[in-house]
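One structure below.
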């Protein structure tokens, strides 16, 4: 198993698989697994500045699809679990999310809370496609702002 993982990681690190690497890392990082996509996105853009919009697009799609998977995981979990009592802090958060609806998924880009937010949106059975649309917008804006800030900072240092 370890050699298979090493082979996959070696393949994904090759320059000709750069966009695939960004897609996979962005997808996985949008799930509840602890992984960040920013180093892969910034690294590939640094290596090939002409691919800026391709990298941003692929990262956005991968991260949005990972968020959609989290939504479906939450939806599945809602079918097999009981909801918390409405008076608890969790209950108040759930009530807030229900009031906000799919627009809450615009915050899916936030560190620490964004990925669970997608899962909870599915658990609350918020409408799938509007949630995905808001995830897409939020994640795109995050990658665009992150890369712009990073490379502006790099230029200022030189």
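The values are calculated or read from the model by the stated rules, or taken from the named source; none is laboratory data. Worth saying up front: this structure is predicted, and the values here are computed from it rather than measured. We place every Cβ from the backbone using ideal geometry, glycine too, and count neighbours over all the protein chains shown.
Annotations
- Hits in the range 19-50 - residues which are over 18 Å from the mean Cα position of the chain (by Cα) and part of a helix (DSSP H, G or I): 45, 46, 47, 49, 50
- The condition (being assigned to a helix (DSSP H, G or I), without any contact (Cβ under 8 Å) to a residue 60 or more places away in the chain, under 19 Å from residue 31 (Cβ atoms) and touching a helix residue (DSSP H, G or I) at 6+ places or on another chain (Cβ under 7 Å)) is satisfied by just one residue among 105, 118: 105.
- Check on residue 91, over 14 Å from the mean Cα position of the chain (by Cα), in a helix (DSSP H, G or I) and either more than 18 Å from residue 36 (Cβ to Cβ) or at pLDDT below 95 (or both): yes
- Set side by side, the residues 136, 65, 69 differ, and just one is more than 30 Å from residue 49 (Cβ to Cβ) and part of a helix (DSSP H, G or I), which is 69.
- Taken as a whole, the structure leaves residue 101 outside the set of residues that are under 25 Å from residue 35 (Cα atoms) and at pLDDT 90 or above.
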